Amino acid sequence: MAATFPSQGHQIVVIGGGAAGLAVASRLLRLNNRLDVAVIEPAEFHYYQPGWTLVGAGVFADTSTRRAMRGLMPMGATWIQDAVSAIEPGHHQVVLADGATVGYDHLIVCPGIICDWGAIDGLEASLGQNGVCSNYRYDMAPYTWECIQGFQGGNAVFTAAPMPFKCPGAPQKILYLAADHFQRKGQSADLHYYLATPVIFGVPPFARALEKVADRYGVNRHYQHQLVAVDGPARRATFEATAGDGQKTRVEQAFDLLHVTPPQRAPDFIRQSPLANAAGFVDVDKFSLRHVKYPNIYALGDVAATPNSKTAGAVRQQAPVVVKNLLAQMRGKEPTHRYDGYGTCPLTTANGKVMLAEFVYDGVVTPTFPLDPYVERRSMWWMKTSLLPFLYWEIMLRGYEINVPHHRARNYPEPA
Ligand SMILES: Cc1cc2nc3c(=O)[nH]c(=O)nc-3n(C[C@H](O)[C@H](O)[C@H](O)COP(=O)(O)OP(=O)(O)OC[C@H]3O[C@@H](n4cnc5c(N)ncnc54)[C@H](O)[C@@H]3O)c2cc1C
C-alpha cells in the first residue's frame, strides 16, 4: 500500500470531547501546557448525561445538563470540529468524515457508545408519543417527566437492555423515582421492570438491597426479558423471554407508560477498526488502559473494553491513569499506574433518597465514605443533585484531580 501523508499532525490526538475526552485533554495540558493536543469532536454541545435521570423525574431542567463545547475545550488544545470515520494505526493517523487525515504520535480513543434505537422494531417511530419515553436522549428526557406527571393509572413499564449499556443503574433509578411520585400523588400503578439480565444489579450485595426497594414499591420483575418491538398507537410492547433451558418465547405487555433503555454498542468506525475486540470495543489492558497491540494508543470511557460499569464516575478514575501512563511513556518509561475498575452508581430510590453504590473489578464493594453503603440517604441525594454536577463541570472537565480514596467495605452487615 502506498504511504499516505496526513493533512495535519499532532503529538496527542483525542477522539471525542465527552466526559472522558475533555477530562483527559484538560489534565494533560494542566500538567504540561507545552504539549500539542488536538481533540476531534463534531458536536456543538457537551452533555452531562448523569443529569438526564433527574430531568426525567422533573428535578433538573434539561438545559442545565447542556453546555457549549467551545467553552469547555481546554485552553491550548486544538479543536478539530469533525467526526472520525476510520482509524489507521499502521499509519499513525485517523481519517475524518470530510476525508482529511490527522496524524498522531499518541492516540486516546473515547468517542463513547451508541444508543441503537433502530434495533427495536417500531421504537424510533413511537418515541416521544403515546407514553413511550426514554432518558437516554437529551431531547426525550423532558417527555419522561410529562409521562410520569400525566400517568392516570394502569401499567407503568420500565426496561433495561442487555449489557453492556451506560449507567446500568439508570433504568431502575427512573423506575423508583416514578413509583415514588405515584405514591405521593396517591396514584395506583401496576409497575413492571423488564430486564434482559438475570439479576437486578451486577454487584450481589447491592442487588439484595435493591430487591428490597423494588419489593417496597410492589414492582413486578421480569428477568431475562429483552424488548424487541414497540407498537406506540396500540400501546403494546413485545419482549423475547429466555427460559432457564435457553428456550425463547415472545411475551406481550400492554402499557400506559413505557420507559425504554435502548441496546448500546460501540460506534461503527471503532467496530470496523483494528483496535476492536470481538465485541467491538477498544481492546485495552484493563489496568493500564493501553491498547493490547498498539502501545501508542489508549482508550477510556464507555468505548473501552474494560469490564467496569460504564459511568462518568469510572471516567473520573480512568482519566488520571491514562494521563500518568502516557506521560511516563513519553519519557521512555513503562506505564505503571493502574485503574482498579472503580465505578459508581448513585441509585435514586426516591425523590430525596440515594443509595450510593461504589465498587471495583470483580464486584468488590468500595465505599468512599465511612457509612453503611446499603442505606438510602438524604445526604447522598444532595451529593447526586449538587456536589456531583459541580465536580463534573468544574473539577473533572477542567483537568483537576481530586483523589478521594475508596476502600474495601468495612464489615458492614450485608442486606439479608
Ligand atoms: C440516562 C443516563 C444516566 C446516566 N447516569 C449516570 C450516573 O448517574 N453516574 C455516572 O457516573 N454516569 C452516568 N451515566 C453514564 C455517563 O454519562 C457515561 O458513562 C459517560 O458520559 C461516558 O463518557 P465518554 O466520554 O466515554 O462518552 P460520552 O460522554 O458519551 O462522550 C462521547 C463524545 O464522543 C463524541 N463522538 C462520538 N462519535 C465521534 C466520532 N466519530 N468522532 C469524534 N467524536 C465522536 C460525541 O459527540 C461525544 O461528545 C449516565 C448516562 C445516561 C445516558
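Key figures
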{"read-out": "Order by protection proxy (mean Cβ within 10 Å, highest first), peptides 258-270, 76-88", "value": "258-270, 76-88"}
{"read-out": "Modelled FRET efficiency - R0 22 Å, GLU252 with ALA119, Cβ distances, 0.05 increments", "value": "0.70"}
{"read-out": "Alpha-carbon Rg with Dmax, taken over the chain, Å", "value": "21.6, 71"}
{"read-out": "Efficiency of FRET from Cβ geometry, LEU31 and GLN187, R₀ 45 Å, rounded to 0.05", "value": "0.25"}
{"read-out": "Positive-end extreme of charge dipole, the chain - chosen from ALA207, VAL230, PRO142 (charges on Cβ)", "value": "ALA207"}
{"read-out": "Too-long pairs where the Cα-Cα distance tops 22 Å, listed order kept, from LYS212/LYS353; LYS173/LYS212; LYS166/LYS324; LYS310/LYS384; LYS248/LYS310", "value": "LYS166/LYS324; LYS248/LYS310"}
{"read-out": "Carbon and sulfur %, accessible surface of the chain computed with the full protein complex present, 1.4 Å", "value": "51"}
{"read-out": "17 Å cut-off, amide nitrogen to a point 7 angstrom out along GLN11 Cα→Cβ, residues in region 90-131", "value": "103-108"}
{"read-out": "P(r) weight above 18 Å for region 323-416, C-alpha pairs, percent", "value": "57"}
{"read-out": "Percentage relative contact order, the chain, counting C-alpha pairs under 8 Å, at least six apart", "value": "18"}
{"read-out": "Relative contact order of region 345-392, defined on C-alpha pairs under 8 angstrom at six or more residues apart (%)", "value": "37"}
{"read-out": "Rounded D (µm²/s) - region 117-263, Kirkwood Rh over Cα pairs, Stokes-Einstein at 37 °C, 0.692 mPa s", "value": "215"}
{"read-out": "Extension reserve of the LEU371-ASN351 stretch, reckoned as 0.36 nm per residue once the Cα distance is removed", "value": "5.1 nm"}
{"read-out": "Residue-by-residue Karplus 3J(HN,Hα) for region 218-224, coefficients 6.51, -1.76, 1.60, Hz, glycine and proline x", "value": "x, 7, 7, 9, 10, 7, 6"}
{"read-out": "Calculated FRET efficiency for the pair GLU414/THR197, C-beta based, R₀ 22 Å, to 0.05", "value": "0.60"}
{"read-out": "Degrees between helix 312-330 axis and first principal axis of the chain (Cα, 0 to 90, nearest 10)", "value": "10"}
{"read-out": "Protection proxy ranking of 314-320, 213-219 - average other beta-carbon atoms within 10 Å, highest first", "value": "314-320, 213-219"}
{"read-out": "Column: log10 I(q)/I(0), Debye, Cα scatterers of region 36-101, q = 0.18, 0.21, 0.23, 0.26 Å⁻¹", "value": "-0.77, -0.88, -0.95, -1.06"}
{"read-out": "With Cα atoms, 0 to 90° folded angle of helix 204-217 axis to the chain main axis", "value": "40"}
{"read-out": "Length gained when the stretch ARG398-ALA43 is fully extended (0.36 nm per residue, less Cα-Cα span)", "value": "126.0 nm"}
{"read-out": "Other-chain or far-sequence residues with amide H under 5 Å of VAL39's (modelled H)", "value": "VAL14, THR78, TRP79, ILE80"}
{"read-out": "Measure of compaction for region 100-168 (Cα Rg per 2.2 N^0.38 Å)", "value": "1.56"}
{"read-out": "Highest-MSF residue in the chain out of HIS46, HIS91, HIS106 [GNM, Cα springs under 10 Å]", "value": "HIS91"}
{"read-out": "Overall Cα dimensions of region 343-396, principal axis frame, Å, largest first", "value": "30, 26, 17"}
{"read-out": "Helix-only CD estimate at 222 nm, as mean residue ellipticity for the chain, using -39500 (n - 2.57) per DSSP H run (n ≥ 4)", "value": "-6500 deg cm²/dmol"}
{"read-out": "Residue-normalised accessible area of the chain, expressed per residue, 1.4 Å probe, Å²", "value": "41"}
{"read-out": "Where a label projected 7 Å from the Cα of GLU240 along Cα→Cβ would reach, residues of region 87-123 with amide N under 17 Å", "value": "116-123"}
{"read-out": "Folded to 0 to 90 degrees: helix 141-150 orientation relative to the chain principal axis, Cα", "value": "10"}
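The values are calculated or read from the model by the stated rules, or taken from the named source; none is laboratory data. All values reported here derive from a predicted model rather than from experimental measurement. Please note: Cβ atoms are built from the backbone with ideal geometry, for glycine as well, and neighbour counts cover all protein chains shown. Only protein heavy atoms, including side chains, enter the accessible area calculation; ligands, DNA and RNA are left aside. Shrake-Rupley method; radii C 1.70, N 1.55, O 1.52, S 1.80 Å.
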